[in-house]
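Down below is the structure, laid out as structure tokens.
The values are calculated or read from the model by the stated rules, or taken from the named source; none is laboratory data. These numbers were taken from a predicted model, which means no experiment stands behind them. A quick note on method: Cβ atoms are made from the backbone with ideal geometry, for glycine too, and the neighbour counts reach across all protein chains shown.
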Amino acid sequence: MANSNLEMVERGMEAFNEQGIDGILPLIHPDFEATTPPELASEPDTYRGPDGLRRWFSSFDDVMDEIRWDARGFREVGDRVVVEFTLRARGKTTGLDFGQEAVMVWALRDGLALRLDLYPTLEQALSALEQESST
């Protein structure tokens, strides 16, 4: 039996936390796309494919260590997987711990991550999914 989308996202998050970006790259579809919204990123941008994902995380690596995604809950909404999580890291120069709560919405195709949308709150994520399904 094929793994569910939820199981694939759980596995991807575990791989990221264990190995960093190298752990999740094998689970990224060549057509992958992620957009960081202004509410969650100092430099909002869109990242495409595995190279885009590497570029996104290289900006973290310049200033942060011990980057991890601590999931607080997973749920399937249609064919998407919604993950409430806290981005945790430690400042390279200051040593200060950092945490930012957010919500990921993953879309998968052929067992690989095709799209990642980020939202500041669960309500915004669910509202966006509801609007998308009604169009």
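Scanning region 89-129 for residues that are exposed (fewer than 11 other Cβ atoms within 10 Å of the Cβ) and either under 30 Å from Pro30 (Cβ atoms) or within 13 Å of the chain's Cα centre (by Cα) (or both) gives a single hit, Asp110. The sole residue among Thr46, Thr86 that is in contact with a strand residue (DSSP E or B) (Cβ under 6 Å, 6 or more places away or on another chain), of a type in the set (Ser, Thr, Tyr) and surrounded by 13 or more Cβ atoms within 10 Å (Cβ to Cβ) is Thr86. Taking Gly23 as the residue in question, decide whether it is under 15 Å from the mean Cα position of the chain (by Cα), under 26 Å from Gln124 (Cβ atoms) and outside any loop (DSSP other than H, G, I, E, B). No, not satisfied. Against the test of being modelled with pLDDT of 90 or more and within 16 Å of Asn17 (Cα to Cα), the options Leu96, Leu87 yield a single qualifying residue, Leu87.
At least 3 residues being in contact (Cβ under 8 Å) with a residue 60 or more places away in the chain is the threshold, and among the strands (runs of 3 or more DSSP E) wholly inside region 30-135 those reaching it are 64-77, 80-91, 97-109, 112-119.
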